[in-house]
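The values are calculated or read from the model by the stated rules, or taken from the named source; none is laboratory data. The model shown is predicted, which means the values in this text are computed figures rather than measured ones. Backbone-built Cβ (ideal geometry, glycine too); neighbour counts: all protein chains shown. Please note that ligands, DNA and RNA were not included when accessible areas were found on the heavy atoms of the full protein model with its side chains. Shrake-Rupley method; radii C 1.70, N 1.55, O 1.52, S 1.80 Å.
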Amino acid sequence: MDRTVRIQLHPTPKQAHALHETLLQFTQAFNHVCAYGWQHQEKNGVKLHHETYRASKVFCPGLVSDLLIQARVKATETLTSAFTWKKKHEDSYAKKVEKAKKKGYPVPQFKPVKCPTSELCPPRYNIHTYTLDWKRQSVRLSTTSGKMSIPFTTPHFSTKYQGHKIATADLISRNGKYWLHVVVSVPEPDIPPIEDVVGVDLGLNHPAVTSHRQFLGKSQWKEIDRKYFRIRRKLQSKGSKSAKRHLKKLSKRQARFHRDCDHALSKRIVQNTSPGATLVLENLKNIRENSKIGRGKKDKNVPTKRRLHAWTFAQFYDFIAYKAQERGIQVVKVDPRHTSQTCSSCGHQHRSNRKSQSLFLCKNCGYCLNADLNASVNIRQKYLASLGNALASGLSVMQPIVSDLRV
C-alpha cells in the first residue's frame, strides 16, 4: 500500500531561487499542454506528447526531459478530468432548465467549463529526477540550475515510514516554504479477517453512529460551521476588496476545519473497530442530486440544505479507507435507501416510523430507539443480507472502497 510522507525542505537562498524557477517553468509547460488539449479536444497522452514536447522544450529550456514529460502527464490527467466534468455539467444543465420551467422559475444561466490552468503547478519527480537519503536527511533534486542536494526534516508522526521504498514525489511551495510529498510503498498488514461487522450511519446532526451504540463526533462542529456561515454572509453583503480578501482566507480556514473534523472522526471510528473487522458505510455519492429536501415553511430547512451541500463525505471516505487499511479493516458501501425508515427489529418499512430527527418508533411492533442508531443497525443488516445472497449465488457483491490510496 502507498503512503505519502510530507517532508519540509531547507534550501539556501540560491537553492530556493532555483526551486522557484523550476516551479514556474513546470507550470508553463503544464499550461501549454492543457491549452493545446483543450483547444483541440484532445486527451490522449501520446498525441499530446508529439504535438507539445518540442514547443515546451523551447520555452522551458531549464527543465530536463523527464520533468517535461511529467508536466504533460499531469496535464493529461487534468484534461481527462475536465472533459468528464464538462460533459456532466452540460448534461445536468438541460435537467436544470427542464426543472425550472416545470416549477415556473427563471431559466438558470449556463456557465461553461473553462480550460484548466494552474498558477503554480507542483513538479512531479520520479527515480530519474530525484534521490532521497533517509539517514542523512537529504534529497537530491533536478532543477533549472542542475541537480542540488537539499536537507529536509520529517514530521515525528511520519518517521515510521522512513526507510521504505520510495516512488514519485511532488514539490510544493506554500508561503515561501518548500515541501516534498514523497510516496512510499509500505507492506500490507498481516491481520487475519474476523466475522465482526460494524454498520456506520453518517449524518449532519450526529456525525457518525455505529451499530455498537457509539455516537462519535462533536456537537460543537455544527455550531462552528454556523459561525463561519454568518461571517461569510456579512462579508458577502459588503462586497469590498477587503471583504473579498477576507472571504478567501475564510474559505481556506473552513476547508482546514472540515479536513480536521474528517480526520478526527475517521480515526475514532477505526480505533473503535476491531482489527480485521468489516466497516459498512452508506454510499452517499448522489445524495445531493437525489435529495428531496425543500426549503420548508418559513425556510425552516434552508440550514439543513446548506450543510448538505457543504458535506465533505468523499474526503471522509478517503480518510477512513486508508486508516482502516493499516489495521486490516475492510471498508464497504451499501445503498442507504430506506435505512432510516425501516425497523431494525421487525423489518417494517414506512416513512412515518421516523417521528423526528432523533426518534424512531415502529408503527408495527412499537420498537423505539434513536433513529440514527436504528439506521446503523439496518446498514449492518443490509450488508449481511447482501453477503448471504452473494454466497448463495457464488458471486461477490460488495467491494472495498479503495485498496491503494495516497493521503
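Under a straight-distance cross-link criterion of Cα-Cα below 16 Å, which aspartates and glutamates are reachable from Lys355, leaving out those fewer than 8 residues away in the same chain?
Qualifying aspartates and glutamates at Cα under 16 Å: Asp372.
Can you tell me the dipole magnitude for the range 55-99 around its Cα centre, using point charges on the Cβ only (Lys, Arg +1; Asp, Glu -1), in Debye to the nearest 20? Could the numbers behind the result be given before it?
Details: 9 positive and 5 negative charges, 37 e Å.
Charge dipole of the range 55-99: 180 debye, to the nearest 20.
Once each part is reduced to its C-alpha centroid, what is the distance from the range 25-65 to the range 323-392 in angstrom?
The two parts, judged by their Cα centres, are 51 Å apart.
On the protein heavy atoms, probe 1.4 angstrom, tell me the percent of accessible surface of the range 228-291 carried by carbon and sulfur. Please list the in-between numbers first.
Numbers: 1940 of 4110 Å².
Carbon with sulfur: 47 percent of the solvent-accessible area.
In whole percent, what relative contact order does the range 113-173 give with Cα contacts below 8 Å and a gap of six or more residues?
39 percent
Residue by residue through the range 107-122, what is 3J(HN,Hα) from phi via Karplus (6.51 cos²θ - 1.76 cosθ + 1.60, θ = phi - 60°)? Round to whole Hz and write x for glycine and proline.
Taking θ as phi minus 60°, the curve returns 5, x, 6, 7, 10, x, 6, 9, 4, x, 9, 9, 7, 8, 7, x Hz for the range 107-122.
Report Cys346's accessible area, 1.4 Å probe, all protein chains in place, as a number in Å² to the nearest 10.
It works out to around 60 Å².
Run the paramagnetic zone check for Arg213: 7 angstrom along Cα to Cβ, then residues of the range 342-382 with backbone nitrogen under 13 Å.
Once the point is set 7 Å along Cα→Cβ of Arg213, 369-370, 373-374 turn out to lie under 13 Å by backbone N, inside the range 342-382.
Quote the FRET efficiency, to the nearest 0.05, computed for Lys227 versus Arg54 with a Förster distance R0 of 51 Å and r equal to the Cβ-Cβ distance.
Details: r = 54 Å, r/R0 = 1.05.
Efficiency for this residue pair is about 0.40.
What is the angle, in °, between the Cα long axis of helix 313-325 and the longest principal axis of the Cα atoms in the chain? Nearest 10 is fine, range 0 to 90.
That helix lies at roughly 80 degrees to the long axis.
Run the numbers on the chain and let me know its relative contact order in percent, using alpha-carbon pairs under 8 Å that are six or more apart. Provide the component values of the computation, followed by the final result.
Numbers: 606 pairs, mean separation 68.3, N = 407.
In percent, rounded to a whole number, it is 17.
Just checking the chain: which Cys have no other cysteine's beta-carbon under 4.7 Å?
Result for the chain is Cys34, Cys60, Cys115, Cys121, Cys261, Cys368, no neighbouring Cys Cβ within the cutoff.
Can you list the HN-Hα couplings for the range 81-88, worked out from phi with the Karplus curve (6.51, -1.76, 1.60; θ = phi - 60°), rounded to whole Hz and with x for Gly and Pro?
Each residue of the range 81-88 in turn: 5, 5, 5, 5, 5, 4, 5, 5 Hz.
Among the listed pairs Lys114/Lys227; Lys135/Lys177; Lys147/Lys323, which have their C-alpha atoms separated by more than 26 angstrom in this model?
Values: Lys114/Lys227 33 Å; Lys135/Lys177 22 Å; Lys147/Lys323 36 Å.
Among Lys114/Lys227; Lys135/Lys177; Lys147/Lys323, the Cα-Cα distance tops 26 Å for Lys114/Lys227; Lys147/Lys323.
A 32 angstrom limit on the alpha carbon distance is what I want to check against. Which of Lys101/Lys363; Lys74/Lys382; Lys96/Lys238 exceed it?
From Lys101/Lys363; Lys74/Lys382; Lys96/Lys238, over 32 Å: Lys101/Lys363; Lys74/Lys382.
Which longest uninterrupted range of the chain lacks any GluC sites (Glu not before Pro) assigned by DSSP to a loop state (not H, G, I, E or B) and surrounded by at most 11 other Cβ atoms within 10 Å?
Between the exposed loop sites, the longest stretch runs 196-407.
So which aspartates and glutamates pass the test for Lys305, namely a Cα distance under 17 Å, with those fewer than 8 places away in the same chain ruled out?
Glu223, Asp225, Glu289
Tell me the label-point distance for the pair Val73, Lys241, using the 7 Å Cα-to-Cβ offset, in nm and rounded to one decimal.
4.3 nm
Which value, in Å², gives the accessible area per residue of the chain when a 1.4 Å probe is used on the protein heavy atoms? Write out the running numbers ahead of the final one.
Numbers: 23740 Å² over 407 residues.
Per-residue value: 58 Å².
Give the lysines reachable from Lys95 as a straight Cα distance under 19 Å; neighbours fewer than 8 places away on the same chain don't count.
Those lysines meeting the cut-off are Lys86, Lys87, Lys103, Lys111, Lys285, Lys292.
Magnitude of the Cβ-charge dipole of the chain, K/R +1 and D/E -1, about the Cα centre, nearest 20 debye?
Here the chain has a charge dipole of around 2640 debye.
Let's see if you can work this out: charge +1 on each Lys and Arg Cβ, -1 on each Asp and Glu Cβ, no other charges. What is the dipole magnitude of the range 24-138 about its Cα centre, in debye to the nearest 20?
Rounded to the nearest 20 debye, it is 640 debye.
Accessible area, 1.4 Å probe, largest first: how do Ile172, Ile269, Ile127 sort?
Ile127, Ile172, Ile269
Using 7 Å Cα-to-Cβ label points, what is the Ala167/Arg259 separation (nm, one decimal)?
2.0 nm
Expressed as an acute angle from 0 to 90° and rounded to the nearest 10, what is the orientation of the C-alpha long axis of helix 45-59 relative to the principal long axis of the chain?
Here the helix axis deviates by roughly 40 degrees.
Considering the dipole of the range 101-225 built from charges on the beta carbon (Lys and Arg +1, Asp and Glu -1) around the Cα centre, which of Met148, Pro112, Val209 is farthest to its positive end?
Pro112
Taking semi-axes √(5λ) of the Cα gyration tensor in Å as the quantity of interest, determine which of [x] 43, 29, 22; [y] 43, 27, 18; [z] 47, 26, 18 was computed from the displayed structure.
Matching entry in [x] 43, 29, 22; [y] 43, 27, 18; [z] 47, 26, 18: [x].
State the antiparallel share, in %, of DSSP beta bridges confined to the chain, rounding to the nearest 5. Please list the in-between numbers first.
Numbers: 41 of 49 bridges.
Close to 85 percent.
Taking 7 Å along the Cα-to-C-beta vector as the label spot, tell me the Lys147-Lys355 distance in nanometres, rounded to one decimal.
Reported label-point gap for Lys147 and Lys355 is 7.3 nm.
Can you sort Val46, Val270 by solvent-accessible area, 1.4 Å probe, largest first? Kindly include the intermediate steps, with their values, before the conclusion.
Details: Val46 95, Val270 5 Å².
The most accessible residue leads, giving Val46, Val270.
Accessible surface of Lys88 in the full protein assembly, 1.4 angstrom probe, to the nearest 10 Å²?
120 Å²
In the range 208-345, with Lys and Arg counted as +1 and Asp and Glu as -1 at Cβ, which of these residues, Trp221, Phe316, Thr339, has the Cα nearest the positive end of the dipole, that is, farthest along it?
Positive-end residue among those listed: Trp221.
Using Cα pairs closer than 8 Å and at least 6 residues apart in sequence, work out the relative contact order for the range 1-142, in percent.
Values: 127 pairs, mean separation 43.4, N = 142.
Over the range 1-142, the number comes to 31 percent.
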